[in-house]
1. With the cut-off at 27 Å, tell me which of the pairs 26/146; 48/272; 146/734 have Cα atoms farther apart than that.
2. For region 669-740, calculate the relative contact order in percent as a whole number, restricting contacts to Cα pairs under 8 Å that are 6 or more residues apart.
3. Taking θ as phi - 60°, what are the ³J(HN,Hα) couplings along region 699-704 by the Karplus curve (6.51, -1.76, 1.60), each to the nearest whole Hz, with x for Gly and Pro?
4. Return the long-range amide H neighbours of residue 46 (sequence gap of 5 or more, or a different chain), with a cut-off of under 5 Å between placed amide H atoms.
5. Taking H as built 1.01 Å from N, whose amide H comes closer than 5 Å to the amide H of residue 635, not counting residues under 5 places away?
6. Which FRET efficiency value, to the nearest 0.05, do you get for residue 432 and residue 224 by plugging their Cβ-Cβ distance into 1/(1 + (r/R0)^6) with R0 = 30 Å?
7. Compute, for region 576-656, the length of the dipole vector about the Cα centre, with Cβ point charges of +1 (Lys, Arg) and -1 (Asp, Glu) only. Units Debye, rounded to 20.
8. Would you mind working out the magnitude of the charge dipole of region 669-740 relative to its Cα centre, with +1 at each Lys and Arg C-beta and -1 at each Asp and Glu C-beta, to the nearest 20 Debye?
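What follows is calculated from the coordinates using simple rules that are stated; it is not laboratory data. Keep in mind that this is a model prediction, so the values were computed, not measured. A quick note on method: Cβ atoms are made from the backbone with ideal geometry, for glycine too, and the neighbour counts reach across all protein chains shown.
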Amino acid sequence: MHGINSLISDLAFILLLGAIATLLFKWLKQPVVLGYIVAGFLASPNFKPLPSVTTEANIEFWAQIGIIVLLFSLGLEFSFKKLVNTGGSAVVTALIIVCGMMGAGFLIGHLLGFTFINALFLGGMLSMSSTTIIIKAFTDLNLRQKKFASLVFAVLIVEDLFAVVMMVLLSSIAINKTVEGGEMLKSISKLAFFMIIWFLVGVFVLPSMLNRFRRFLNDETLLVVSMGLCLGMAVFSVFCGFSLALGAFVMGSILAGTSYAERIERVVSPVKDLFGAVFFISVGMMVQPDTIVQYWWPILLLSLTVIVGMIVFGTFGMLATGQPLRVAMESGFSLTQIGDFSFIIASLGMSLGVLNPEIYPIIVAVSVITIFTTSYFIRMADPCYRIVERHIPARFHWLLAGRERRSAQMSENGATRRAWTLLLRCYLWRLMLYSIVLVAISLASHTYLAPEIEKMVPGWGELITVAVTLLLMAPFLLALCLPPQMAKGSEDARVTASQLKVARIILMVFRLLLVLGFIVYELSFYFSLTGAIFLGLACLMVIILFFSKELSRQLRHIETKFIDNLNERELRRSGKNNNLVNDLHLAYIHVGYGCPFVGERLVNSRIRQLYGVSVVMIQRGNTIIMVPGGDTRIFPGDTAGVIGTDEQISQVLTVMDVNQPEPTDRPELSDFRLTDIVLTEASPLIGETLATADVRRRFSTHVVALERAGEFFDRPATIELRAGDRLWIVGTRKSAEAMAGT
């Protein structure tokens, strides 16, 4: 009971401090995350005037949940499809940042007198930006829908993947004083293997499961299901040797492709806000004033290195991948902090006994300083870009356009190049995905199935295991034999078929050899290599001749189902799978706050006349309006069922599904009130009536009554106004002062 009481009392204490700090920083118009950090410092043992938390392990527990939910929420907004689309740019940028910052950190560590291994660990700690801090900063500044934000998220995820490899590399150097290439390759392969397996199983199973139980999924059930999946994947990730955060992100990315992504994000948001606040408070608790005073010079130098280095390497990385200068600078200025993985790498060095004890509190101080300045540097990106834009030499103006304009200047062989790209993409993705599945079946069979069979049938276990494994692998081996499906009738498909015949034949031979290799590998567990090759050829012929006709249709169906699940969210929005007549189909479009038709009747919006589409259904909460009439109005949050062609739906989608950014200078509701003003000689209303002055339009104000010499007029529109008149109005303080002439 004492442990439970301390857990609750610690949580109550830090949340009360967090609430006070949040209100204060909101009033000061500063980022809320800074308030959480200040609250954490006030709750820590380092601040003596206030009592501190009783058990810091309690806060660490809640903070871990905060990291899991934050990464899960990030995954919900960043699907695997987005990661693949931005993958090339993200990998190159992350590689430049990690290599550049590791080099800079190593040099700074050498200048500060650190040993080789300490300087190397320092470089690793300085190379990892904080995913959770950037998510919070983008949310507070309303930047998550910007183009550069998705690129930054991709870079952060790739950095986290690099961090797993880096930890293996640093551990190998610390223990063996050398780089174990085999261990590093094994770590990279293991990470890629499990990521793809999670992706394949999750995309194929989860959307179908959720759709099957659609009628039971109210908000309460959806919250329980989504959080259960999130925590389950996080635990499984740790079981496989990875981090909780990585598993949570993977599950969020899988669910991001489903049509439930927006609902899950909405129901999870309160949980994310609560535990996210605890995480940021826990960061503030690590602030140690004594350490900052004692090591102020290394802390200041390392903080400047992080800020300047991240800006330079981040911007250069984005430019190197063809992004415009504005996007590159916005991305670089967003990465100016270190966080979660920096602490993990520092803890690794401490546990291996190779890291000097004073480095850990220095890194914590650098992290807090750079986290504190993150929001300010994100805001500085645009002004700095304008300065660079004005002073950049004319010969470097091509940097401003980015890849889009430069790609227009490429050579004329675009169709052939696209055909090569399409061909390689179709073949390589299928080869990689099916090969991973086959490797997984082989590993599972020989690791778990073989010992059990050997117990049940001594002496025959190995042969039976090989037979069962090949039987399980047969559908996927056949899938590797079959050529990939391409979009019929497209220009790229015609060019591929006519001009790349030799390439297709070579790839077909390669696929058959790969299938033969898998079969021979399994047979070699029981037969000699020569016997395995001959039997493998026989098995390959059996698979192709006897099973291809029956299984090919099922395999095509499975592939189509997988692709549909992967793109379910986009297909639902665009309606490409809801074909009706000819090229018409039904799409479901979310109505955003920035939609120009919000509040208007359908007949006045002229959607059909402007875009050629028909609105046949509107879902508003739990209410569905079937075949809405012309008097039905459209409101934010509605889901509109729209019928049209691909082109028509694409056009109306960009207009309706738009979120209006929240203005930063909007007046508070408390500033809009019923008050009274006394007109002075300087008032612009003197000598006019309320009707001729048009106060509604000029001052956005409603006049309730006029008081003159103790007499009230409740209909003063035609009365000429004089100095000393008292008006009772509903409006803002600024408009009241303008009307009174004060």
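1. Flagged as over cut-off: 48/272; 146/734.
2. The value is 49 percent.
3. My calculation for region 699-704 gives 10, 6, 9, 10, 8, 8 Hz in order.
4. Here nothing satisfies the definition.
5. 599
6. With a Förster radius of 30 Å, E is 0.30.
7. 180 debye
8. The dipole of region 669-740 has a size of about 260 debye.
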